[in-house]
Protein chains: 2
Amino acid sequence: MLFSSLDGLSQEQRERLLNRRRTHAEVEARVAAILERVRLHGDSALLELTKELDGVEPETLRVPAEVMEEAMSSVQEEVLEALETAKSSIEEFHSRQVPEDWRYTKDGATLGMVYRPLESVGCYVPGGRASYPSTVLMCAVPARLAGVERVVVCTPPGEHGYPAPLTLAACRIAGVEEVYSIGGAQAIAALAYGTRSIPRVEKIVGPGNVYVTAAKRLVSGEVATDMPAGPSEVLILADATADPWFVALDMLAQAEHDPMAVSVLVTTSEELAREVVDALERASGEAPPAAREALTAWGAVLIAESLDEAVEFANAFAPEHLEVMVEDEEQVLRRIRSAGSVFLGTRSPVACGDYASGTNHVLPTSGYAKAFSGLGVADFMKRITFQKLSDEALERLGRAAVTLARAEGLEMHARSIEARLERRYHD
Amino acid sequence: MLFSSLDGLSQEQRERLLNRRRTHAEVEARVAAILERVRLHGDSALLELTKELDGVEPETLRVPAEVMEEAMSSVQEEVLEALETAKSSIEEFHSRQVPEDWRYTKDGATLGMVYRPLESVGCYVPGGRASYPSTVLMCAVPARLAGVERVVVCTPPGEHGYPAPLTLAACRIAGVEEVYSIGGAQAIAALAYGTRSIPRVEKIVGPGNVYVTAAKRLVSGEVATDMPAGPSEVLILADATADPWFVALDMLAQAEHDPMAVSVLVTTSEELAREVVDALERASGEAPPAAREALTAWGAVLIAESLDEAVEFANAFAPEHLEVMVEDEEQVLRRIRSAGSVFLGTRSPVACGDYASGTNHVLPTSGYAKAFSGLGVADFMKRITFQKLSDEALERLGRAAVTLARAEGLEMHARSIEARLERRYHD
């Protein structure tokens, strides 16, 4: 783990922290071959690839209704209740994102915007050894609120050929009935190109490993996709008022996602920095090996000269998750320019937002928060502009349009406007 | 040109109309090589490529301030005024898209969203033989309204090494000072990777030819990009109340963009259909060869049995531009699910919207309107969610989060929440 003052960082250390985007040329080549197999051979390629890569042979790609039903009864009541709590928080927050159509009329021109749902969306939900029912909710709940009619989930098969009951139960709770037992790049190919069993979708969302991410990038000319995904990350911006034990636990929670997960503390308090290092030592005995590995390789405790310097570093880092544990959090929030989601104060751990607060956990990593947003209702809708001009408006605007059309050499554009302007006097 | 009833279309004809996405494997290979040259050799590759592909050697990649200044004085006063009119319409419509931060508090949990501009954006503006000052405004005005600090324009050099004065004047009017005399895939590479002269940007927007579009797709892991672009297109949905001469001129206006541009009329009136065919014959003598070529290859006049059937076809087509010339336009607008921008009534030709009405002309083509939106202020901003939980809120939500964290096997996630819940009683 790196321990340094911000201005003591070498150029190389700073680069490694701030430049976290990775390309994987060899992964892309393998993924391109998988995509091509699915494009050419459809379902039979999907079944072969699932056998090759997941080692199982599901009877059907689509999870049958009775398997979905059984999943509900095999999951503990307490977990089902927790999923319902999470769902209603996510619904609450995301329902406030549903836009309303608007219009205005000015000088005879009515202009406006209407919002329409995508017709079909595919949600990729990681799986395999672990299961991520929370990701089902984070993708499907906003899609449903947007009004998407066809919401599909693809998730890798478990050892018996169908996905984990917990994931299937989350699909039921989110109202998703079309679930396919297929993972990896082959799932992305099926959603993008369509096969006999899996009709194509208009957009693919949801996190995934490097294969899934590469596949989403490669099919992005065929379908829309959400933001690229990399290892999970947290940046904690703290002053002397922060609790070192909470900071340490939040760093370890982030680190347990992935051996390449990034946990960084930036603090104005050297004392806090030392206490967090102590706390990490005490706590990491209980943490899984992956978390300790990630913390060793990618963890950092950095001391800032001032809150200004700390905020500037956070903006340059553009973290997926930003925790702000300082005296005046709102002042910091106002100055944040790039982050996926922000967690203010001592009682707002990332882990609570991951599941139950209501904000979305599908967020831009690797500095992509500089240009991308976390998943929201807007990702499942199109904005369509419209206009209706009166004679007066066309007279006012049309002359400028005719001039510009001729300046750009588009004569018929000019004529199509002039014909209306002339007709006005002939009607 | 195709003339048919909708249900008389062969499967092949229907497919050709509805499935307009094209891939260009050989273009992608050439583009990949260009990207790699720029990535490895920066400015020297840019200068070499400009000499090779555009046949000119600009003294500097960046257009000097005095050249920008000269451009203003070399453009006709009338055109400058038209650009100012267009700019203020675009500002008016787009300023209504600037979102406001929002938050709410419920049961001790404060959740909300803040909107932040991207820090840097590159606008690609096509050029070469023609110049497109209107595209400068369509990209730069919303970027400025969003609050983007660094707005860059890349546009191909004209024969004297710098871009057309008209394009440069539009940059001045839009407040863009950083303009580079570079086009094609090499411009996209420069914006994505950065070179010594051209620092990289966070997002690339704007239309372009197949090379530019392929380049944007290939760099989309490095930077954000707007929607993919194909040949321009209009679908005109009309009943017997429409004016055949206006319909014909609008079809020709669309067709003059590109020999592959698509102009389609779908009408419930067989009489209108025949009158439009006559009008097209009369008018096309005056149209440029490219327009006649496009109309022959891609034009279609289609007769629908009912308005329902016509609307359904329009939604399946998902046109870039949709003109609606029917008795009750608002009823049709309510039923439109996919289109780039909609033009209602007799006095709203696409050409006026292209320049001066205020809506954006950078729009999804080739059916991408099913999943993508036209350019708007939202494309230049990120949505950042935030939360602040009270003890009560953490108590209420934290238990569900702990349960789900353990169900997903993320022990440290559970601990990070439990530590807060326990501390509450120790404080």
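The values are calculated or read from the model by the stated rules, or taken from the named source; none is laboratory data. The structure displayed is predicted, hence computed values, not measured ones. In this analysis, Cβ positions are derived from the backbone assuming ideal geometry, glycine residues included, and neighbour counts consider all displayed protein chains.
Of everything in segment B:330-365, what is among the basic types (Lys, Arg) and either in contact with a helix residue (DSSP H, G or I) (Cβ under 8 Å, 6 or more places away or on another chain) or in the same structural domain as B:TYR132 (by TED's automatic domain parsing) (or both)? Give them in sequence order. Working first, answer last.
Applying the first criterion (among the basic types (Lys, Arg)) to segment B:330-365 yields B:334-335, B:337, B:347.
Within segment B:330-365, B:ARG335, B:ARG337, B:ARG347 meet the criteria.
Out of segment B:314-333, which residues are more than 8 Å from chain A (Cβ to nearest Cβ) and either more than 23 Å from the chain's Cα centre (by Cα) or among the polar types (S, T, N, Q) (or both)? Even if it seems obvious, please write down each step before you answer.
Taking segment B:314-333 first, the residues more than 8 Å from chain A (Cβ to nearest Cβ) are B:314-328, B:330-332.
Selection gives B:ASN315, B:MET325, B:VAL326, B:GLU327, B:ASP328, B:GLU330, B:GLN331, B:VAL332.
Quickly run through segment B:113-134 and pick out the residues that are farther than 22 Å from B:PRO199 by Cα and under 16 Å from the mean Cα position of the chain (by Cα). First the steps, then the outcome.
Taking segment B:113-134 first, the residues farther than 22 Å from B:PRO199 by Cα are B:113-115, B:128-134.
Across segment B:113-134, the qualifying residues are B:TYR132, B:PRO133, B:SER134.
Considering only residues that are more than 19 Å from B:LEU18 (Cα to Cα), within 14 Å of chain A (Cβ to nearest Cβ) and among the acidic types (Asp, Glu), which ones fall in segment B:261-313?
B:GLU286, B:GLU293
Quick one: which strands (runs of 3 or more DSSP E) lie wholly within segment B:93-163 and hold at least 2 residues that are facing chain A (nearest Cβ under 10 Å) and closer than 30 Å to B:LEU394 by Cα?
Counting at least 2 such residues, we get B:102-106, B:109-117.
Determine if segment B:335-353 includes at least one residue that is farther than 30 Å from B:THR135 by Cβ, more than 8 Å from chain A (Cβ to nearest Cβ), at pLDDT below 95 and in a helix (DSSP H, G or I). Reasoning before the result, please.
From segment B:335-353, those farther than 30 Å from B:THR135 by Cβ are B:335; that's our starting set.
From the residues that got through so far, the ones that are more than 8 Å from chain A (Cβ to nearest Cβ) too are B:335.
With at pLDDT below 95 added as a condition, the list becomes none.
No, segment B:335-353 contains no residue that is farther than 30 Å from B:THR135 by Cβ, more than 8 Å from chain A (Cβ to nearest Cβ), at pLDDT below 95 and in a helix (DSSP H, G or I).
Where the second residue is modelled with pLDDT of 90 or more and the first is within 12 Å of chain B (Cβ to nearest Cβ) and lies in segment A:11-27, which pairs have Cβ atoms under 7 Å and are six or more apart or on separate chains?
Filtered contacts from segment A:11-27: A:ARG21/A:SER366; A:ARG21/A:GLY367; A:HIS24/A:VAL210; A:HIS24/A:ALA214; A:VAL27/A:VAL210; A:VAL27/A:TYR211; A:VAL27/A:ALA214.
Would you check if B:ARG423 is of a type outside the set (Phe, Trp, Tyr) and either surrounded by fewer than 21 Cβ atoms within 10 Å (Cβ to Cβ) or assigned by TED's automatic domain parsing to the domain that holds B:GLU100 (or both)?
Values: of a type outside the set (Phe, Trp, Tyr): yes; either surrounded by fewer than 21 Cβ atoms within 10 Å (Cβ to Cβ) or assigned by TED's automatic domain parsing to the domain that holds B:GLU100 (or both): yes.
Considered against the rule, which asks whether it is of a type outside the set (Phe, Trp, Tyr) and either surrounded by fewer than 21 Cβ atoms within 10 Å (Cβ to Cβ) or assigned by TED's automatic domain parsing to the domain that holds B:GLU100 (or both), B:ARG423 comes out as yes.
Identify, by number, the condition in (1) surrounded by fewer than 24 Cβ atoms within 10 Å (Cβ to Cβ); (2) at pLDDT 95 or above that A:THR267 doesn't meet.
The failed condition is (1).
In segment B:77-92, what count of residues is obtained for those that are within 8 Å of another protein chain (Cβ to nearest Cβ) and either free of Cβ contacts under 8 Å to residues at least 24 places away in the same chain or among the hydrophobic types (A, V, I, L, M, F, W, C) (or both)?
Filtering segment B:77-92 down to residues within 8 Å of another protein chain (Cβ to nearest Cβ) leaves B:78-79, B:81-83, B:85-86, B:89, B:92.
Remaining after also requiring either free of Cβ contacts under 8 Å to residues at least 24 places away in the same chain or among the hydrophobic types (A, V, I, L, M, F, W, C) (or both): B:78-79, B:81-83, B:86.
Number satisfying all stated conditions: 6.
Could you look through segment B:58-87, keep only residues that are outside any helix (DSSP H, G or I) and of a type outside the set (A, V, I, L, M), and pick out the one that is surrounded by the fewest Cβ atoms within 10 Å (Cβ to Cβ)? Spell out the reasoning first.
Start the filter on segment B:58-87 by keeping residues that are outside any helix (DSSP H, G or I), which leaves B:58-64, B:75-76.
Then keep just the ones that are of a type outside the set (A, V, I, L, M); that gives B:58-60, B:62, B:64, B:76.
Details: B:PRO58: 22, B:GLU59: 10, B:THR60: 13, B:ARG62: 17, B:PRO64: 13, B:GLN76: 12.
Among those residues, the one meeting the criterion is B:GLU59.
Starting from residues that are within 7 Å of another protein chain (Cβ to nearest Cβ) and among the basic types (Lys, Arg), keep the ones in segment A:376-420 and report whichever is surrounded by the fewest Cβ atoms within 10 Å (Cβ to Cβ).
Looking at the filtered set, the residue picked out is A:ARG383.
Considering only residues of segment B:136-150 that are closer than 14 Å to B:VAL179 by Cα and either touching a His at 6+ places or on another chain (Cβ under 8 Å) or of a type outside the set (A, V, I, L, M) (or both), which is surrounded by the fewest Cβ atoms within 10 Å (Cβ to Cβ)? Full working, then the answer.
Just the residues of segment B:136-150 that are closer than 14 Å to B:VAL179 by Cα, to begin with: B:136-137, B:139-140, B:150.
Adding the requirement that they be either touching a His at 6+ places or on another chain (Cβ under 8 Å) or of a type outside the set (A, V, I, L, M) (or both) leaves B:139, B:150.
Working: B:CYS139: 30, B:ARG150: 16.
Per the stated criteria, the residue is B:ARG150.
Considering only residues that are surrounded by 21 or more Cβ atoms within 10 Å (Cβ to Cβ) and among the basic types (Lys, Arg), look in segment A:201-231 and name the one that is farthest from the other protein chains (Cβ to nearest Cβ).
So the residue we want is A:LYS216.
Could you look through segment B:46-100, keep only residues that are closer than 27 Å to B:PRO199 by Cα and hydroxyl-bearing (Ser, Thr, Tyr), and pick out the one that is nearest to the chain's Cα centre (by Cα)?
Among those residues, the one meeting the criterion is B:THR50.
In segment A:118-135, which residue that is touching a strand residue (DSSP E or B) at 6+ places or on another chain (Cβ under 7 Å) and surrounded by 21 or more Cβ atoms within 10 Å (Cβ to Cβ) is farthest from A:PHE93 (Cα to Cα)? Even if it seems obvious, please write down each step before you answer.
So in segment A:118-135, the residues touching a strand residue (DSSP E or B) at 6+ places or on another chain (Cβ under 7 Å) come out as A:118-125, A:127.
Subsequent filtering for residues that are surrounded by 21 or more Cβ atoms within 10 Å (Cβ to Cβ) retains A:118, A:120-125, A:127.
Numbers: A:LEU118: 20, A:SER120: 22, A:VAL121: 20, A:GLY122: 22, A:CYS123: 20, A:TYR124: 22, A:VAL125: 21, A:GLY127: 26 Å.
Applying the filter and picking the extreme gives A:GLY127.
Given B:LEU168, B:LEU191, which one is under 16 Å from B:ILE34 (Cα atoms), buried (at least 24 other Cβ atoms within 10 Å of the Cβ) and modelled with pLDDT of 95 or more? Even if it seems obvious, please write down each step before you answer.
Working: B:LEU168 fails: under 16 Å from B:ILE34 (Cα atoms).
After applying the criteria, what remains is B:LEU191.
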